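First up is the structure itself, then whatever we jot down about it.
No lab work stands behind these numbers, since they all come straight from the coordinates. Please read all numbers here as calculations on a predicted model, not as lab measurements. In this analysis, Cβ positions are derived from the backbone assuming ideal geometry, glycine residues included, and neighbour counts consider all displayed protein chains.
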Amino acid sequence: MARVWDDTLRQRISRRRVLAGSAALGAATLVACNSGGGGGSPTGEPVAEGTPTKGGIIRLRQPGNTGFPSLSPFGPTALVSTLVFGFTAYDHLWYVPIDTGDTEKMLAAELEIVDEQGLQVNATLQETFFHDKPPASGRQVLASDVKASWEAFRDDPFGLGREWLRDIVESLEAPEDRLFVIKQKRPWAWMFGQSGAGSPASSSVLPAETIDGTQFDLANDVLGSGRFLLESHRGGANLKLRAFPRWRVAGEPYLGGVDLVLIPDYSSAEAQFAAGEIDQLDFQNKLQADQMQDRLGDDMYVRTELSRAYNCLMVKQVPPFDNPLVRKALRLAINREEMIQLVERDAAGGVNCGIVPPAQALYALPEDDADMAEYLRYDPEEARSLLEQASFPLDDEFPLLISSPSEELADRAQVLKDQLSRVGIKVRIEAQDLLSVWVPRVLIQADYTLTLFTHLAYEDPYLPLSFYTTFSPIGPRDEAKGRNSMLFYDQEIDDAVDATALEFDLDARIDKVKAAQRLIMQKEGPMINIYSGVSFTGRRNWLKGVVTGRGSFGLFSGRTWIDTSLRGS
Amino acid sequence: MWRYALRRLAFIPLIALAIGALTFFLLRILPGDPATVLCGQQCTAERREEIRQALDLDRPVHEQYFEWMKDVATGNLGTSIYGGQDVLDEVARRLPVSFEIMIMTLLFSGTLGITFGILSAVMRNSPLDYGVRFFAVFGQSIPDFFLLTLLIVIPSMLWRYAPPAGGYVAFFDDPWTNLRMFVPPTLVLSIGGAMVLMRLVRSTMLEVLRSDYVRTAQAKGLHPRAVILRHAFRNTLPPILTVLTFTVATAFSGSIILERVMGIQGLGNFFFQAVFIRDLPVVQFTVLYTAMIVVLLNLLQDLSYAFIDPRVRYR
Amino acid sequence: MATNTIVLQEEQYVAAPEPSRLRGLIKIARENPIGALGFLLVVVFIVMGALGPYLTPYSPTGVDASAQLDGPTLAHPFGTNGLGQDVLSRVLAGARLSLVIGAAAVGIGVIGGALIGVISGYFGGVIDSFIQRTGEAGAAFPGLILYLTLIAAIGRGVDTIIIGIAISAIIGGSRVLRSMTLVVKASPFVEAARAAGASELRILVTHIIPNVMPIIIVIASSAWGAAVLAEAALSFLGIGVEPGTPSWGADLQGRNVDDAKVGHWYLVAFPGMALSIVVLGFNLMGDTLRDVLDPRLRGSIR
């Protein structure tokens, strides 16, 4: 089924190839500087919506019931607030957009891979400044700040996705004021992506003296060197950020500031969007987007964005599920179309997912690829006969664990349960509280047989692939066999995935990733990926310059602006 | 009577200790150890131990308990395990919200219940009486969460109405928005309590109106309104107090439903979320506080009852 | 707000209790048409719960993408929800769930509570004080914590809900039965029996129990209604039945509300009405039972 999204993606990919052709890609250098010096301005859709007016303040919805419990980028409550400030108040060394796959330099003016193997990377920092708040009080950003920040992220016991910092990085050094040196234990082609140092959650740059929390109240204030500085907030809610006058790109950001308005109730958010009190709204599904579009007409526009997250079913390799025939039967029993229609309320609400999610368009296999078509095939009859062949115990009932609260997840579980029952597999749904039960028991201790969850994979295929290897980021460690939550150990897959991390050439790496995916599909990898949701974001017509397809990087790129002549303020 | 009161008062600290201890132990033997949750994805046994030590979870339970009792006695109620905020601060922030809900529910229940109860009793078997009783029976049967759901759905369906956003606004800051946020749900919630109260007031009033001394008062030529208000009503107070006390006590759990449905940040929601994430200091404090309120209210009720009705004698 | 609470005023029991008789049911029904209506509603509820699932043409948990969010039609008299599930089937299945949970919880709770209450009231002394104080503390303890503890210990599900509600019923029921027992204990009949040399056991069986029986019946009927309501409330809060299980309370929240807000009113209207009607039935029946079995209790038990 052709989707609008596929066309957009294909356009993006072809654009990237045109750009890449003009850059030198080799083993010695990794950086494609298509945008010419400076850096920080993303390529993307060319925007021709008029001359930007500057100073407008964008008002966004802050979801959730309460304000952020803490604004600190460290600690158990860090993730959400970090994602907000990571793009606004903090700056980063570089960024890899999902649509081009090329590293864009930000705080790092120069990036140099020093040795043949790619073990050492030297980053030369631009001249930039921290916000004018004590104790940093507007001083320059130094390499020692980067070192201190990244080490703090590495050592934060509550940090997620810090594998690169902990396992691959050997040392972080700051031999000169503006020279930052990264030394790795082994070559790692994924270093620049989000599973490496590209994640906003673990690579923000803070002033070194603020990190231990004694001179600066990290829980209640934010001090970075990003485009916006935090002006005020009320108990972690209703945050007001304002443009940083000494931002390293002159003339940017176009926005005068960002206001986050706490709106717990979705229908209140709809009302506020319709009234023009907030400038952007994430709809819950296409139906609502269409309704609002009907209501507001030209006063708004809708952009769809394919989520980088995907819904998947993890199957622990214990009898009877350790039989490849059973795994294949499970895969064939899932009707993705039906699930998308029921849960997202519209066929356009989701895109089928292979081993690597479709949002990672450079690496994902297209749906018309032979192996992918087979992976996505729905065939309940064959599923039933496979189960018979495998002597599957049809009288047993297996627990399907999901986390709560999440209504969509509960709906998905119900659909899955019904689909499995059609081929004879009986399943009972057990909802567990996310933080206190599901994360510790299922994610950490791997105490499950079947679990359905939504996995956020950011921009690198390495993370989705690693779930099938013995160096999976989750699960108990087996001394002899390695680490895999589903107790799935396969040397061939290990080798294939590892090979991708050693391949520095982008095209060659893409091929290796695809090869690894085909191998996993052939072997009926026990993590069965279902679909990625499409998000529908509504924006008022005065909100311009947003680059779609890059998530928050696209929103806070510095080039977003409010047409004050349309909004009136 | 004072002896009785003193005896009851003496029990209160005991009950406090018992409840505190029970909560304390229960929470620590439950699976869902906060250290595991806080340990995160990279959890190793060593790190988990470090966290347990940091939270004092590795010491024997009774030692932890005495530590906690000492803290409570000195006014230190601990800090939330997750966000690190002071429990007392968080509670203080949310108290006005729950308090306002409780006051408004009481106000509406009380006013509606008592008014219609008296009217219904005095105008017995009139259309008003039948109407009110009919409505009462139905009002009492419809679950409060269904009414609240209807309260959200109907205005939205008919008029695209949505409750005000932006979080809690204190009454003194912006009375109109505050009332818009609180009046509809509390009015709806108070119906049940009002109906209960109405029936009670009505039946008690009827009994009292038939009694001897009321007839005497009427014979003496007192104005009917004086008879009702001064004599009859006084005697309906005890059961009313009982119901009102109960309403206040249940206002806390009723508030949980209201707060979750309307997305209001009161104590009920705070407590509910805290239990789920095993935020021990918060849960302990809330349990203690709620229990104390209930116990104190019960005592007050018994005492005021004795105060109002001199015929009552306690053993 | 539907409440079922029991508060007793001790001083209202001034006369000696008399054994009441349940003869002339039809006469009672005629004299109390409202109560009879209540009884009828309860009977309908029981029948629906018992037979309903066999009468529905659709599976209450099966999904159907071709019938998403249909309005009430002949094929689906109550419409369908976002997953294509027939609302009528879910309402009937919900009746069965409420029936089972209510009956079990009340069975355990009221019998247990009655036993504890009678023993406590009859034997008095230290046992009585202990049970009293424990009961008070138990009542003051937020039921939510107790319930969540149960979930953590034995997992979520129907069994847990039954146990949770039963515990509340035991606490409440025992207090009422204790008061009643005290009153009966002080009556002239019992004194006479004791003077005549009857054993404690004999007094218990021939005098106490038959006289507290009526109130047990009244409490049981109230408690059943309250149990149905309690399960609905717990499922509404998301801590009752597992997702997907047809329950009136669970169907009143979540995506059904979001869908109802844009016009699919039937998703919440029918489960809510079913719940209200059943509770109404128990309330009406309970009122009349109270009047019939013991008129003195009229002002006090709610």
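Here is how the numbers come out for the structure above:
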quantity	calculated
Charge dipole of chain A about the Cα centre (unit charges at C-beta), most positive-ward option of A:G224, A:A516, A:A108	A:G224
Amide H partners (placed H, <5 Å) of A:F398, local residues excluded	A:K426, A:V427, A:R428
Computed Rg/Rh of segment A:100-256, alpha carbon atoms with Kirkwood Rh	0.97
Whole-angstrom gap from segment B:81-156 to segment C:54-123, using each part's C-alpha centre	27 Å
Residue-by-residue Karplus 3J(HN,Hα) for segment A:174-181, coefficients 6.51, -1.76, 1.60, Hz, glycine and proline x	10, x, 10, 3, 10, 10, 10, 10
Shape category assigned to segment C:105-210 from the gyration tensor of Cα positions, a/c cut at 1.5	prolate
Between segment A:210-234 and segment A:328-360, the Cα center-to-center distance that results, in Å	41 Å
About the Cα centre, charge dipole magnitude for chain A (Lys/Arg +1, Asp/Glu -1 at Cβ), debye	880 debye
Amide H within-cut-off set for A:L262, under 5 Å, with H built and near neighbours excluded	A:Q62, A:N238
Rounded if a/c under 1.5, otherwise prolate or oblate - segment A:310-533, Cα gyration tensor axes	rounded
Karplus-derived HN-Hα couplings along segment A:272-289 (A = 6.51, B = -1.76, C = 1.60, θ = phi - 60°), whole Hz, x at Gly and Pro	5, 5, 4, 7, x, 7, 10, 9, 9, 9, 8, 6, 7, 6, 5, 4, 5, 4
Net charge of Cβ neighbours under 10 Å - reference A:D371; Lys, Arg +1; Asp, Glu -1	0
Antiparallel DSSP beta bridges within chain A, percent to nearest 5	75 percent
Nonlocal amide H pairs with A:L487, under 5 Å, H built at 1.01 Å	A:Q317
Candidates C:V292, C:V176, C:V257, ranked by Gaussian network fluctuation over chain C, Cα under 10 Å, top entry	C:V257
Burial ordering of B:F66, C:F236, B:F182, fewest other beta-carbon atoms within 10 Å first	B:F66, B:F182, C:F236
Lysines with Cα under 26 Å of A:K417, excluding same-chain neighbours fewer than 8 positions away	A:K286, A:K316, A:K328, A:K426, A:K523
Chain A, relative contact order [Cα under 8 Å, separation at least 6], %	19 percent
Net charge dipole size for segment A:310-533 [Lys, Arg +1 and Asp, Glu -1 on Cβ; Debye, nearest 20]	480 debye
Only Lys, Arg (+1) and Asp, Glu (-1) charged, at Cβ; chain C dipole about Cα centre in debye	680 debye
Selection from A:V497, A:L386, A:G424, by position along the positive dipole direction of segment A:310-533 (Cβ)	A:G424
Sum of side-chain charges, C:L177 neighbourhood, beta-carbon under 13 Å (Lys, Arg +1; Asp, Glu -1)	+2
MRE, 222 nm, helices only [DSSP H, n ≥ 4, -39500 (n - 2.57), over chain A, to nearest 500]	-8000 deg cm²/dmol
DSSP beta bridges in segment A:310-533 [antiparallel fraction, %, rounded to 5]	60 percent
